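The values are calculated or read from the model by the stated rules, or taken from the named source; none is laboratory data. It should be emphasised that the depicted structure is a prediction, and the values quoted were computed from it without experimental measurement. All Cβ positions, even for glycine, are placed from backbone atoms using ideal geometry, and neighbour counts span all protein chains on display.
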Amino acid sequence: FGRPWIFIRGVPSMDFLPPEGPLEVAFAGRSNVGKSSLINALVAKKGLARTSNTPGRTQELNYFVPDGYSGQEGDMPPMAIVDMPGYGYAQAPKELVDNWTKLVFDYLRGRSTLKRVYVLIDSRHGIKKNDDEVLDLLDKAAVSYQVVLTKTDKIKEAGVRRLLEETTEKIRKRPAAFPEVLATSSEKAGGIDDLRRAIGVAVGK
Ligand code: GDP
């Protein structure tokens, strides 16, 4: 994560996906879960992933890579981060939800360089129905994923411990879930290094 990261492309449908190159990890979560903040904390760059409060505005996979690589063979970035569109808006029209599901499912099924999806869960809410549906989708697509709690600074330490146990138990029987659940706070920089390490292992660096 040493180099500055840059945004390379927004992908509204599969036709716009960059050719498969570097290994990828993707981030998914309900709108407002703290996904942009976590990606920014991860790459230590404010404003890289837009912290947006306009639900449903963009339904794109946003691609980020470390800067300074040509992308040509032999000069490939070591990995890419894919910011998946948020889900779970209260007023989302069915068409938007269907679009989301199609884009995400096509991507999950078709991308051999995708090594892991990080599914973010707000510490104050735990796994909700629409999170469960996304976990179902990931299990169905057989894409390895890991659950990451966000905003742990908003609840007490004992609460975080309890939620970690509960969440670990909830995903125990899910076939594509990585068993360890991570706890993070972008605000307090908690757990960010653990997440960096987990990503490093997932992409084999
Ligand atoms: P996104 O919609 O998932 O990209 O969520 P954002 O990153 O835009 O964050 C949504 C809101 O939660 C913003 O007001 C952030 O400031 C806040 N937020 C994000 N991460 C944290 C965190 O770790 N701790 C606290 N206290 N607030 C956070």
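Consider residue 173 carefully, then state whether it is on the phi > 0 side of the Ramachandran plot and either modelled with pLDDT of 95 or more or surrounded by 13 or more Cβ atoms within 10 Å (Cβ to Cβ) (or both). For residue 173, the condition - on the phi > 0 side of the Ramachandran plot and either modelled with pLDDT of 95 or more or surrounded by 13 or more Cβ atoms within 10 Å (Cβ to Cβ) (or both) - is not met. Looking across the range 140-149, the residues that are under 17 Å from residue 179 (Cα atoms) and crowded, with 18+ Cβ neighbours inside 10 Å come down to 143, 145, 146, 147, 148, 149.
Applying the selection to the range 127-151, what residues are within 16 Å of the ligand (Cβ to nearest atom) and out of contact with any Leu (no Cβ under 8 Å at 6 or more places or on another chain)? Across the range 127-151, the qualifying residues are 128, 130, 131, 134, 151.
Residues are listed down the side, and each one gets a yes or a no for (1) of a type in the set (Lys, Arg); (2) in a loop (DSSP other than H, G, I, E, B); (3) more than 10 Å from the ligand (Cβ to nearest atom):
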residue	(1), (2), (3)
153	no, no, no
159	no, no, yes
162	yes, no, yes
165	no, no, yes
188	yes, yes, no
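Checking each residue in the range 67-88 for being out of contact with any strand residue (DSSP E or B) (no Cβ under 7 Å at 6 or more places or on another chain), under 27 Å from residue 106 (Cβ atoms) and acidic (Asp, Glu) picks out only 73.
Among the residues here, residue 25 does not qualify as crowded, with 19+ Cβ neighbours inside 10 Å and assigned to a loop (DSSP other than H, G, I, E, B).
Considering the range 106-120, the residues that are basic (Lys, Arg) and part of a strand (DSSP E or B) include one that is surrounded by the fewest Cβ atoms within 10 Å (Cβ to Cβ), namely 115. Of everything in the range 121-137 that is in a helix (DSSP H, G or I) and either of a type in the set (Gly, Ala, Ser) or touching a residue at least 60 places away in the same chain (Cβ under 8 Å) (or both), the residue that is farthest from residue 197 (Cα to Cα) is 130. Looking only at residues of the range 190-205 that are touching a residue at least 60 places away in the same chain (Cβ under 8 Å) and farther than 20 Å from residue 142 by Cα, we find that the one that is farthest from the ligand (Cβ to nearest atom) is 205.
None of 186, 144 is among the polar types (S, T, N, Q) and without any contact (Cβ under 8 Å) to a residue 60 or more places away in the chain except 144.
Residue check: is residue 103 buried (at least 19 other Cβ atoms within 10 Å of the Cβ), in contact with a strand residue (DSSP E or B) (Cβ under 9 Å, 6 or more places away or on another chain), modelled with pLDDT of 95 or more and within 26 Å of residue 12 (Cβ to Cβ)? It is false that residue 103 is buried (at least 19 other Cβ atoms within 10 Å of the Cβ), in contact with a strand residue (DSSP E or B) (Cβ under 9 Å, 6 or more places away or on another chain), modelled with pLDDT of 95 or more and within 26 Å of residue 12 (Cβ to Cβ). Within the range 37-47, being closer than 24 Å to residue 204 by Cα and within 11 Å of the ligand (Cβ to nearest atom) holds for 38, 39, 40, 41.
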